[in-house]
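All remarks here apply to the structure that follows.
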Amino acid sequence: MEPPLIVVLNGPNLNMLGTREPEKYGTATLDDVEALCAEAAEELGLAIDFRQTNLEGELISWIQEARGNAAGIIINPAGYSHTSIALMDALLAVDLPVVEVHITNIHRREAFRHLSYVSRAAVGVICGLGVGGYALALRAIAGIIGQDDTA
Ligand code: CA2
């Protein structure tokens, strides 16, 4: 049987991971994060489709495409977390389990980062645990979709 597919979406500027502001975001590149996710997914018996875009509409199209194709969504919406009702609406409409990830602890940062519209559409949120949060999110979603005996 095919492993369940989890779409892992990354929003604007995350393509710069590992190249700027390492004190905030660490030294891993987005390719490293994809490799980390692929390894975690393999262990969990999941397949992943890992993507990044700087465009809000593209994220929304990818979320809509996930319906019927994927078993869940992991998303780091980056700056759109704090601004995009459209992204929240897309995630609410897709009717799939969503886990939101932030590399940094958004609650220790500027006040404008404390609100994430996306969180209203998420089963859970992992933030502040660095890029390892993506692997934790995969583990969490495996439990949510029943792909994990320990859930
Ligand atoms: O902590 C996170 O993962 C964030 O989603 C990252 C966003 C930020 O707007 C959110 O408040 C929290 C920023 C992504 C920018 O990523 C960069 C990575 C390296 C260098 C510059 C930007």
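Worth pointing out:
- Separation between Cα centres of the range 99-151 and the range 11-28, rounded to whole Å: 18 Å
- Difference of contour (0.36 nm per residue) and Cα-Cα distance, R108 to L136: 8.1 nm
- Whole-number percent relative contact order across the chain, with pairs defined as alpha carbons under 8 Å at least 6 apart: 26 percent
- Its Cα centre serving as origin, the range 5-146 has a Cβ charge dipole (Lys and Arg +1, Asp and Glu -1) of approximately 460 debye.
- Cα gyration tensor shape of the range 40-151, rounded if a/c is under 1.5, else prolate or oblate by comparing a/b with b/c: oblate
- Segment T53-E21, length gained on full extension (0.36 nm per residue, minus Cα span): 9.6 nm
- Inter-site label distance for V123 and D32 at 7 Å from Cα along Cβ, in nm: 2.9 nm
- Charge tally for R51 (other residues, Cβ to Cβ under 12 Å; Lys, Arg +1; Asp, Glu -1): -4.
- Between the residues A38, Y25, I63, the greatest Cα displacement towards the positive end of the dipole of the chain, with unit charges on the Cβ of Lys, Arg, Asp and Glu, is found for Y25.
- The residues of the chain present an accessible area of 51 Å² per residue when probed at 1.4 Å with all protein chains retained.
- With every protein chain in place, the chain: carbon and sulfur % of accessible area (1.4 Å): 50 percent
- Contour excess over end-to-end distance, with Cα ends at E43 and L115 and 0.36 nm allotted per residue: 22.6 nm
The values are calculated or read from the model by the stated rules, or taken from the named source; none is laboratory data. Quantities reported herein were computed from a predicted structural model and do not represent experimental measurements. FYI the Cβ positions are ideal-geometry reconstructions off the backbone, even for glycines, and counts take in every protein chain you see. Note: accessible area is taken over every heavy atom of the protein model, side chains too, but ligands, DNA and RNA are not part of it. Shrake-Rupley method; radii C 1.70, N 1.55, O 1.52, S 1.80 Å.
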